[in-house]
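Structure, as structure tokens:
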Amino acid sequence: MKLTNIKGQQGRARNLRVNIVNRNLIIVSSTTTPTANHVVTVEYDSEGIIHTRCTCPWAMNGNVGCAHSIAALEALAAKRGRALSFWKTKDDARRQKHRTFYLAGKRAEEGLWITSRRGL
Ligand SMILES: [Zn+2]
């Protein structure tokens, strides 16, 4: 399933507690269970493609762009003074004229596009 409400998901991500262990491993609080955490792993390849894995049910069902993965990627970007936006299509991302990444999904059409700009 393709994530439809990206802005809503970014809003949820903003409320999560994020603990960056390293650039590939991030612990993120659960949205639904205050006493639980999820583990997000992030892999980067040379083509600007990002692969995330998360322990939450949404991700385990094969979906890309859970709130935890978004929170993890935003926290990693913030450390480098960058802010991220997420887009459904490459055209939407290209229009921003910022550095673009692709968050890979299980199937090609399910991925999300990410643009990175200088943070506030
Ligand atoms: Zn998740």
Check: in the stretch 6-118 the Lys pairs 8 or more apart or on separate chains whose Cα atoms fall under 23 Å apart number 9
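Mind listing which trypsin sites (Lys or Arg not before Pro) in the stretch 34-101 are in a DSSP loop and have 11 or fewer other Cβ atoms within 10 Å? If you can, show how the numbers build up before the last one.
Working: sites: R53, K79, R80, R82, K88, K90, R94, R95, K97, R99; in loops: R80, K88, R95, K97.
Taking the stretch 34-101 and a limit of 11 other Cβ atoms within 10 Å, the loop trypsin sites (Lys or Arg not before Pro) found are R80, R95, K97.
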Sorted by chain and number, the residues with a modelled amide H under 5 Å from that of G105, at a separation of 5 or more or across chains, are E110, G111, L112
With G111 itself left out, Lys, Arg at +1 and Asp, Glu at -1 over residues whose Cβ is under 15 Å from its Cβ give 0
Here, GluC sites (Glu not before Pro) of the stretch 43-120 satisfying both criteria (DSSP loop; at most 16 other Cβ within 10 Å) are E47
Per DSSP, the loop-located trypsin sites (Lys or Arg not before Pro) within the stretch 8-46 having at most 15 other beta carbons within 10 Å are R17, R23
Other residues with Cβ under 15 Å from the Cβ of G62 give, with Lys and Arg +1 and Asp and Glu -1, a net charge of +2
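Could you work out Rg/(2.2 N^0.38 Å) for the stretch 1-106, with Rg from alpha carbons only?
Values: Rg = 13.1 Å, N = 106, 2.2 N^0.38 = 12.9 Å.
Ratio of Rg to 2.2 N^0.38 Å for the stretch 1-106: 1.01.
Can you divide the C-alpha Rg of the stretch 44-84 by 2.2 N^0.38 Å and report the result to two decimal places?
Values: Rg = 11.2 Å, N = 41, 2.2 N^0.38 = 9.0 Å.
So the Cα radius of gyration is 1.24 times the expected 2.2 N^0.38 Å.
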Residue by residue through the stretch 103-110, the couplings from Karplus 6.51 cos²θ - 1.76 cosθ + 1.60 with θ = phi - 60°, in Hz, x for Gly and Pro, are 8, 5, x, 5, 10, 3, 6, 9
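Since every read-out is calculated from the coordinates, none of them should be taken as a lab result. Quantities reported herein were computed from a predicted structural model and do not represent experimental measurements. We place every Cβ from the backbone using ideal geometry, glycine too, and count neighbours over all the protein chains shown.
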